[in-house]
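Visitor: Sharing a structure here in structure tokens format.
The values are calculated or read from the model by the stated rules, or taken from the named source; none is laboratory data. These figures come from a predicted structure and were not determined experimentally. With ideal geometry, Cβ positions are generated from the backbone for all residues, glycine too; neighbour counts draw on all protein chains shown. Quick note on the areas: whole protein, heavy atoms, side chains included, nothing else; ligands and nucleic acids left out. Shrake-Rupley method; radii C 1.70, N 1.55, O 1.52, S 1.80 Å.
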Amino acid sequence: MSIRLSPAILDLIEALKKMPGFGPRSAQRAAFHLLQNRDGSLDALGEALSKVRGGVTRCKLCNTFTEGDICPVCLDEGRDPGLLCVVESAADQMALDSSLAWPGFYFVLMGRLSPVTGVGPGDIGVDQLMKRVGVAVEEGILREVVIAMSYTPEGDATAYYLIEALKKRWPQLRVTRLARGLPAGIEIEYTDLSTIANAVYSRRDA
């Protein structure tokens, strides 16, 4: 006779299964760990999630996660305003910035294009990106847009779409893509920092 878990525990496991890197077994282990350490891990997680839900939003300029209207990166006066790097997630932004190879600003998309699953340009923030680029071009400060998509099928499709859209609208703008120093099929987030730095330094015209 098999053990039947309560609906609340099953709901917790199902929620954890939706997280990247969690399968059925790892989600179950994580759920039992949280329940076993109720006064520590579970309460701390609940409090952190509550704070994130109520206080974290998207930066009005670059679309990354922040607790204010404008994120600290966009407020950094030491960065080069003529350089804009387009990434597909906040995790990729953090990985690139940790490499200390990128001196400019960022724009964070909300994922990648995926026609199979119905994810189009409007779903990942392309309109907001074009608006950001347009303003910077009109002000005469933007020199280059770097497309930092992962070299996966969806990443390639997104990169080609953005490159074509940017070049068609602003032919005078330099548009590059990170060099293939990034291994094929590997997410930027999980790439070592030296490889990311080499990809930035070796970027080419798209």
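Visitor: What distance in nm separates the two pseudo spin-label positions at Leu100 and Glu138, each 7 Å out from Cα along the beta-carbon direction?
Guide: The answer from the label model is 3.8 nm.
Visitor: Solvent-accessible area of Asp156, probe 1.4 Å, all protein chains present, reported in Å² to the nearest ten, please.
Guide: Surface open to solvent at Asp156 totals about 30 Å².
Visitor: If you don't mind, another one. Order the following by accessible area, largest value first: Met149, Met94. Probe radius 1.4 Å; ligands, DNA and RNA are ignored.
Guide: I get Met94, Met149, largest accessible area first.
Visitor: Ok, one more. Please work out how much accessible surface Glu189 shows to a 1.4 Å probe, ignoring ligands, DNA and RNA, in Å² rounded to 10.
Guide: Rounded to the nearest 10, the figure is 80 Å².
Visitor: Would you rank Tyr151, Tyr190 by solvent-accessible area, highest first, keeping every protein chain in place and using a 1.4 Å probe?
Guide: Output order, biggest surface exposure first: Tyr190, Tyr151.
Visitor: Still on this model: Using Cα centres only, tell me the gap between the range 86-126 and the range 127-206 in whole Å.
Guide: First find each Cα centre; the distance between them is then 9 Å.
Visitor: Still on this structure, I have one more. How large a share of the accessible area of the chain, in percent, is made up of carbon and sulfur atoms when the probe is 1.4 Å and the other protein chains stay in place?
Guide: 56 percent
Visitor: Find the relative contact order for the chain and round it to a whole percent, using C-alpha pairs within less than 8 Å whose residues are 6+ positions apart. Could you put the intermediate results ahead of the total?
Guide: Working: 273 pairs, mean separation 32.4, N = 206.
Relative contact order comes out at 16 percent.
Visitor: Below 8 Å between Cα atoms, with a sequence gap of 6+, how large is the relative contact order for the range 24-134 in percent?
Guide: On the way: 103 pairs, mean separation 18.9, N = 111.
Once normalised by length, the contact order is 17 percent.
Visitor: Sticking with this structure for a sec: Apply the Karplus curve 6.51 cos²θ - 1.76 cosθ + 1.60, θ = phi - 60°, to the phi angles in the range 126-140 and return the couplings in whole Hz, x for Gly and Pro.
Guide: Here the 3J(HN,Hα) series is 5, 4, 5, 4, 4, 5, 4, 5, x, 5, 5, 5, 4, 7, x Hz.
Visitor: Per residue, how much accessible surface does the range 162-206 expose to a 1.4 Å probe? Answer in Å², no decimals.
Guide: 59 Å²
Visitor: Just the accessible area per residue of the range 48-92, please: how many Å² with a 1.4 Å probe? Mind showing how you got there, number by number?
Guide: Numbers: 2510 Å² over 45 residues.
Per-residue value: 56 Å².
Visitor: Another one. Only bridges with both residues in the chain count here: give the DSSP antiparallel percent, nearest 5.
Guide: About 25 percent, rounded to the nearest 5.
Visitor: A follow-up question, please. For Ser202 and Leu45 in the same chain, what is the full-extension length gain: residue separation times 0.36 nm, less their Cα-Cα distance, in nm? Before the final figure, lay out each step's value.
Guide: Numbers: separation 157, 0.36 × 157 = 56.52 nm, distance 4.07 nm.
Length gained between Ser202 and Leu45: 52.4 nm.
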